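K.L.:
Supplied in structure tokens, the structure appears directly below.
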């Protein structure tokens with residue numbers, strides 16, 4: 001049993017004043033203690049490497065010894081004239097365009113189908129359509145390598161053979177003209193659920209009474225969609241376009257494993273797989289740095305440009 | 001009548017789509033339970049000569065699977081703990097302490113949102129070599145933390161900003177220190193957001209293949225995505241074994257997803273999707 005202890009407590013006002021003074025004094029300390037560890041890791045492992053790579057890209061360097069062989073923009077010159085690099089860039093653009101034209105509308109359609117109204121089994125549908133997103137890219141690629149197995153006993157070829165009379169097995173991953181589309185199909189399988197989830201979240205902010213009011217006024221379903229739902233979903237759509245474009249340029253592991261290092265004969269090389277194959281595997285680190293700078297440049301230019309366009313579009317919508 | 005027909009069509013379409021989505025996974029599961037011969041002659045038949053558990057047994061009694069599993073756990077735990085700790089501290093400073101240069105610092109951090117790991121992999125590799133972190137798990141963990149930070153900070157900052165200022169004033173009047181407020185009031189209130197951030201980090205670091213491929217030369221240090229690639233090159237055309245390994249990796253992913261679905265969705269959508 002402890003006895004009572006008496007002491008004079010400061011009034012709440014005095015306490016507040018002291019706290020304020022103390023917070024002024026310790027603000028610098030707080031900021032330092034709280035921000036320093038995170039900013040240090042960020043600087044050491046993100047900021048410095050990126051800045052360094054633009055410097056290294058001006059040298060020919062095999063990764064050993066000091067940087068001595070200054071080649072100026074020579075790496076960039078070689079890079080931009082390398083037909084495989086040009087092809088890689090166009091492959092990345094193709095994947096990007098297909099994602100915008102196929103994945104996003106598909107995701108939006110499904111979000112409208114599954115996310116609106118009281119569909120029974122909504123949760124189950126959402127889970128099944130979204131779950132490939134959490135699979136690792138390596139697993140996804142390995143599964144699909146067997147699903148797209150070139151002989152007639154691969155799953156896709158078997159299914160097609162069952163429904164199409166006289167169907168001949170297709171070499172999905174070995175055909176130069178098909179491999180990019182096969183890759184795109186797998187990317188769609190894995191990623192469209194992600195966009196669907198974003199659209200479903202966006203749709204929850206579209207007031208249902210507004211759509212109902214339009215219907216009462218005699219608007220047809222396509223009109224409601226075009227005039228009301230889509231404009232109100234504008235910010236989500238612009239976000240998904242942004243993420244989809246960036247995502248397309250960042251594809252690496254899935255493409256690398258699925259197509260066996262960008263094959264056949266570089267027919268499915270993307271910018272990032274090109275960087276790995278020619279910059280890192282060959283130990284041309286100066287050259288690889290130049291690829292990284294180009295890739296970063298494309299990403300940054302697009303991001304900054306797009307932010308501006310978003311602003312302009314948002315402005316246009318608020319004016320309407 | 002027309003409505004119910006529409007409903008039936010909608011269901012048929014969705015069910016078909018789900019079958020298409022799950023087909024590849026079903027192929028992997030069925031393939032893993034049979035011999036490679038059966039798998040190749042009939043890609044998605046049922047096991048006719050009894051279920052072949054040996055495919056799983058061989059992997060599960062081997063040392064390398066569990067070793068890779070352990071490495072994955074170490075990397076994932078390290079990345080997640082560090083990311084949550086550092087990003088919540090940064091988000092606190094960016095949301096509740098005003099100081100000079102705050103905007104600039106935040107903008108610098110935001111640049112990180114535009115740089116995926118893939119873009120910077122070569123410079124990171126060079127930096128890791130300079131810091132002598134090749135063949136060290138920290139060479140994998142720290143860059144993953146750095147690249148995850150900007151996203152986590154943005155999510156947490158959005159959450160912290162919405163916690164009313166009166167709460168903070170009250171805490172200081174009651175004699176709370178800055179750290180005390182952060183630790184005992186802010187963090188418990190932000191638990192859903194912290195969980196969402198943690199869950200996204202777990203998925204990203206558990207699945208990471210590229211960085212460990214470059215940084216870790218010693219197969220003893222390899223996490224599961226590298227382990228399965230090594231297994232795959234070892235067993236070449238023994239597809240049923242490889243599918244067994246795939247299924248062993250899918251099971252925890254699906255379980256984790258089912259348990260954390262709410263948080264994954266919250267994290268990805270900034271807390272907007274319910275139900």
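K.L.:
Against the condition touching a residue at least 40 places away in the same chain (Cβ under 8 Å) and not in a helix (DSSP H, G or I), how does residue A:266 come out, does it pass?
P.N.:
So residue A:266 passes the test.
K.L.:
Which one of the conditions (1) closer than 30 Å to residue A:265 by Cβ; (2) without any contact (Cβ under 8 Å) to a residue 60 or more places away in the chain; (3) in the same structural domain as residue A:235 (by TED's automatic domain parsing) does residue A:220 fail to meet, given that it meets all the rest?
P.N.:
Evaluating residue A:220 over (1) closer than 30 Å to residue A:265 by Cβ; (2) without any contact (Cβ under 8 Å) to a residue 60 or more places away in the chain; (3) in the same structural domain as residue A:235 (by TED's automatic domain parsing) leaves (1) as the failure.
K.L.:
Determine, yes or no, whether residue B:250 is closer than 26 Å to residue B:197 by Cα, facing chain A (nearest Cβ under 10 Å) and part of a helix (DSSP H, G or I).
P.N.:
Yes.
K.L.:
Then there is this: Taking residue B:196 and the conditions (1) buried (at least 22 other Cβ atoms within 10 Å of the Cβ); (2) within 11 Å of chain A (Cβ to nearest Cβ), which numbered condition does it fall short on, given that it satisfies the others?
P.N.:
It is condition (2) that residue B:196 fails.
K.L.:
Now for a separate question. Could you please find all residues in the stretch B:12-36 being surrounded by fewer than 19 Cβ atoms within 10 Å (Cβ to Cβ), touching a residue at least 40 places away in the same chain (Cβ under 8 Å) and either more than 25 Å from the chain's Cα centre (by Cα) or on the phi > 0 side of the Ramachandran plot (or both)?
P.N.:
Of everything in the stretch B:12-36, just one residue is surrounded by fewer than 19 Cβ atoms within 10 Å (Cβ to Cβ), touching a residue at least 40 places away in the same chain (Cβ under 8 Å) and either more than 25 Å from the chain's Cα centre (by Cα) or on the phi > 0 side of the Ramachandran plot (or both), namely B:36.
K.L.:
Going by what's in this entry, would residue B:118 be described as more than 10 Å from chain A (Cβ to nearest Cβ), buried (at least 20 other Cβ atoms within 10 Å of the Cβ), within 21 Å of the chain's Cα centre (by Cα) and under 12 Å from residue B:208 (Cβ atoms)?
P.N.:
Considered against the rule, which asks whether it is more than 10 Å from chain A (Cβ to nearest Cβ), buried (at least 20 other Cβ atoms within 10 Å of the Cβ), within 21 Å of the chain's Cα centre (by Cα) and under 12 Å from residue B:208 (Cβ atoms), residue B:118 comes out as no.
K.L.:
Is it the case that some residue within the stretch A:176-191 is part of a helix (DSSP H, G or I) and at pLDDT below 90?
P.N.:
No, the conditions are met nowhere in the stretch A:176-191.
Let's see how each residue does on (1) more than 21 Å from the chain's Cα centre (by Cα); (2) closer than 30 Å to residue A:126 by Cα; (3) more than 11 Å from chain B (Cβ to nearest Cβ); (4) assigned to a loop (DSSP other than H, G, I, E, B):
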residue	(1), (2), (3), (4)
A:198	no, yes, no, no
A:231	yes, yes, yes, no
A:235	no, yes, yes, no
A:242	no, yes, no, no
A:272	no, no, no, no
A:297	no, no, no, no
A:304	no, no, no, no
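K.L.:
What is the number of the single condition among (1) outside any loop (DSSP other than H, G, I, E, B); (2) modelled with pLDDT of 85 or more that residue A:219 does not meet?
P.N.:
Checking residue A:219 against (1) outside any loop (DSSP other than H, G, I, E, B); (2) modelled with pLDDT of 85 or more, the one that fails is (1).
K.L.:
Out of the residues in the stretch A:135-162 that are under 14 Å from residue A:188 (Cα atoms) and assigned to a helix (DSSP H, G or I), state the one that is farthest from the chain's Cα centre (by Cα).
P.N.:
Checking each candidate, the answer is A:144.
K.L.:
Among the listed residues B:44, B:39, identify the single one that is more than 26 Å from the chain's Cα centre (by Cα), in a helix (DSSP H, G or I) and modelled with pLDDT under 85.
P.N.:
Being more than 26 Å from the chain's Cα centre (by Cα), in a helix (DSSP H, G or I) and modelled with pLDDT under 85 holds for just one of B:44, B:39, which is B:39.
K.L.:
Could you list, in sequence order, the residues of the stretch B:125-136 that are assigned to a helix (DSSP H, G or I) and within 29 Å of residue B:69 (Cβ to Cβ)?
P.N.:
B:125, B:127, B:128, B:129
K.L.:
Residue A:286 - would you say it is assigned to a helix (DSSP H, G or I) and touching a residue at least 24 places away in the same chain (Cβ under 8 Å)?
P.N.:
yes
K.L.:
What about residue A:139, is it within 24 Å of residue B:207 (Cβ to Cβ), assigned by TED's automatic domain parsing to the domain that holds residue A:272 and without any contact (Cβ under 8 Å) to a residue 60 or more places away in the chain?
P.N.:
Yes.
K.L.:
Here's a follow-up. Please work out if residue B:256 is in a helix (DSSP H, G or I), closer than 22 Å to residue B:73 by Cα, at pLDDT 90 or above and more than 15 Å from the chain's Cα centre (by Cα).
P.N.:
Taking the combined requirement at face value, the residue does not satisfy it.
K.L.:
Just one of A:147, A:102, A:156, A:131 is at pLDDT 90 or above and over 22 Å from residue A:222 (Cβ atoms); which is it?
P.N.:
Of A:147, A:102, A:156, A:131, the one residue that is at pLDDT 90 or above and over 22 Å from residue A:222 (Cβ atoms) is A:131.
K.L.:
Continuing with this model, one more query. Which count do you get for residues in the stretch B:216-239 that are outside any helix (DSSP H, G or I) and either in contact (Cβ under 8 Å) with a residue 60 or more places away in the chain or crowded, with 17+ Cβ neighbours inside 10 Å (or both)?
P.N.:
The qualifying residues number 7.
The values are calculated or read from the model by the stated rules, or taken from the named source; none is laboratory data. Since this is a predicted model, take the numbers as computed values, not measurements. Quick reminder, even Gly has a Cβ in these numbers, built from the backbone with ideal geometry, and neighbours come from all protein chains shown.
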